[in-house]
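Participant: Okay, handing you the structure first.
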Amino acid sequence: MPTAESSQSAHRTSSHRSPSDPASTGPSSDSYPRLSTRRFRFRPFSPKDIAPFTAIAGEHRIADTTIGVPHPYTAEFARTWISSHSEAWEARRALHWAALRIGEDRIVGYAGLHNIDLQRRQAELRFWVGCGVKRHENATEWSEAVVEFALRGLDLNRVYALQLERHPLAARVLSTIGMQREGLVRKRVHKGGLVEDIVCWAILRSDWQQLRSESQR
C-alpha cells in the first residue's frame with residue numbers, strides 16, 4: 001500500500017485541478033510523489049540512474065515484452081527520457097518511478113502512470129521487472145501500489161493497462177490486482193518488425209473499493 005503521505009500530498013496538489021487550470025500545467029514547487037510498499041520504494045529518476053537504468057532496460061526480455069521500450073535501449077534515450085519527467089509531472093501528464101528494494105540502492109524495475117487525464121479521470125499503468133527479481137509477485141505488489149495512488153492520490157476513476165497478447169505473465173498480474181479484460185485490439189503495436197495484438201485491461205474506482213472491502217472482512 002502506498003504511504004499515506006505520498007497519497008495525501010498528490011491529492012492536495014492534483015485532484016482539484018482541471019487541465020485548463022494554469023497551475024496544473026506550469027512549473028510547480030510540489031515535490032515529486034514517492035511511494036513505498038512493505039518491501040519496495042518508488043522514487044523519481046535522476047541523472048545518476050542513466051547508466052544502471054540503461055543496462056536493465058537494455059535486456060532483450062524487457063523490450064520484447066514491454067510496450068514503449070525500444071531495443072537497443074541507449075544511454076542517450078535514457079537521458080532524454082529522464083530529463084522529461086519533471087515537466088511531465090508538472091503538467092500532470094505522467095509519473096515515472098524507479099523501483100528499489102527498501103534498504104538498497106539498486107534499481108530493480110520500473111512503475112509509472114502514462115497518459116494521465118485529470119479531466120476524464122483516468123491514466124495508463126505501466127511496469128516492468130528486471131532480472132533477478134520475482135516477476136509475478138513483485139509486479140503485483142508494485143501495480144497494486146500504483147493503482148491505489150492513482151485512485152486515491154490523484155482521485156482518478158479508471159486505471160487501464162495495455163498488454164501484448166503474447167505476454168501471459170502481464171495478464172496474470174493485471175488479473176491478480178483486480179483489473180478486468182476489456183477487449184482485444186488487433187495489430188495495434190509494432191514490436192521487433194512485427195505488428196502485434198494488444199489486450200486492454202482496466203479497473204474502476206468502484207471495482208477497487210469493492211475489492212478492498214472484501215479483503216478487509
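Participant: Name the trypsin sites (Lys or Arg not before Pro) in region 138-202 that are in a loop by DSSP and that have at most 16 other C-beta atoms within 10 Å, would you? Working shown, then result.
Facilitator: Numbers: sites: R152, R158, R166, R172, R181, R186, K187, R188, K191; in loops: R166.
Filter output for region 138-202: R166.
Participant: Something else about it: Remind me, relative contact order of region 109-171 in percent, using alpha carbon pairs under 8 angstrom and six or more residues apart?
Facilitator: 34
Participant: A further question on this structure: Net charge near A171: determine it from the other residues with C-beta under 15 Å of the C-beta of A171, scoring Lys and Arg +1 and Asp and Glu -1.
Facilitator: Details: positive: R126, R135, R166, R172, R181; negative: E165, E182, E196, D197.
Counting the neighbours of A171, the net charge comes to +1.
Participant: Turning to a different aspect of this structure: Considering every pair of different Cα atoms, what Kirkwood radius, in Å, is found for region 87-209? Walk me through the numbers before you get to the answer.
Facilitator: On the way: mean 1/r = 0.0663 Å⁻¹.
Roughly 15.1 Å, rounded to one decimal.
Participant: Additional query: Give the order of H136, H114 when sorted by the count of other beta carbons within 10 angstrom, beginning with the fewest.
Facilitator: Values: H136 13, H114 17.
Ranking H136, H114 by Cβ neighbours within 10 Å, fewest first, gives H136, H114.
Participant: Around W81, what is the net charge, scoring Lys/Arg as +1 and Asp/Glu as -1 over all other residues with Cβ under 14 Å from its Cβ?
Facilitator: Values: positive: R79, R93, R126; negative: D49, E76, E87.
The answer is 0.
None of the figures in this text is laboratory data; all of them are computed from the coordinates on show. A quick note: this is a predicted structure, and the numbers were derived from the prediction, not measured. Glycine also receives a Cβ, built like all others from the backbone with ideal geometry; neighbour counts cover every protein chain displayed.
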